[in-house]
1. May I ask you to say which residue of Met67, Met72 is among the aliphatic types (A, V, I, L, M) and under 26 Å from Ile126 (Cα atoms)?
2. Here are some residues: Asn15, Asn65, Asn36. Which one is at pLDDT 95 or above and over 17 Å from Pro91 (Cα atoms)?
3. Among the residues of the range 30-48, are any in a strand (DSSP E or B), touching a residue at least 24 places away in the same chain (Cβ under 8 Å) and among the β-branched types (Val, Ile, Thr)?
4. Output the residue which, of all residues in the range 80-94 that are within 15 Å of the chain's Cα centre (by Cα) and among the hydrophobic types (A, V, I, L, M, F, W, C), is surrounded by the fewest Cβ atoms within 10 Å (Cβ to Cβ).
Amino acid sequence: MPNRKIVSLDRGRINWSNRSAIIRGKVDKEREVYFNILCEIWLKRYLDNREDKDTAIFVTERDPNRMSIAQMRYIIKRISNRASINKDIHPHQLRHSYATHFLNNGAPLDVIQSLLGHEKSETTRIYAQLSEASGSNYI
């Protein structure tokens, strides 16, 4: 299985000085993704409160080890239920919401294309078309 899921992110891949992380995408292509200050605060709090030394960012609570994709989906579902989001949320929707947020706030498609790691601009245009068709597609 390709190493391209958020569950594969390790602590050493985070650059705190510019709020970014290096992730490995399809075909082992690396790219830098960015996060905001609120994410930095919560991520640091989470990591500071952990007592394990696992290199993985996301670990299970009991006997900490790298979280599986299924476990990540379950946690996202629990969080969306607590937030009273009345639709089934899955990890890829978070990626779509990220792109839609940028589109709805005027970011150029080539910038979004780079952030998402799309090789073809047509792939990024799909996000734009979905966004325009639904008005706003935020979670």
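The values are calculated or read from the model by the stated rules, or taken from the named source; none is laboratory data. Quick caveat, the model's predicted, so the values are computed rather than measured. Reconstructed Cβ throughout: ideal geometry from the backbone, glycine too, with neighbour counts over all protein chains shown.
1. On the way: Met67 fails: under 26 Å from Ile126 (Cα atoms).
Residue meeting the stated conditions: Met72.
2. Details: Asn65 fails: at pLDDT 95 or above; Asn36 fails: at pLDDT 95 or above.
The match here is Asn15.
3. First, pick out the residues of the range 30-48 that are in a strand (DSSP E or B): 30-34.
Okay, now just the ones that are also touching a residue at least 24 places away in the same chain (Cβ under 8 Å), so 31, 33-34.
Right, trim to among the β-branched types (Val, Ile, Thr) and you get 33.
Scanning the range 30-48 turns up at least one residue that is in a strand (DSSP E or B), touching a residue at least 24 places away in the same chain (Cβ under 8 Å) and among the β-branched types (Val, Ile, Thr).
4. The extreme case among them is Leu94.
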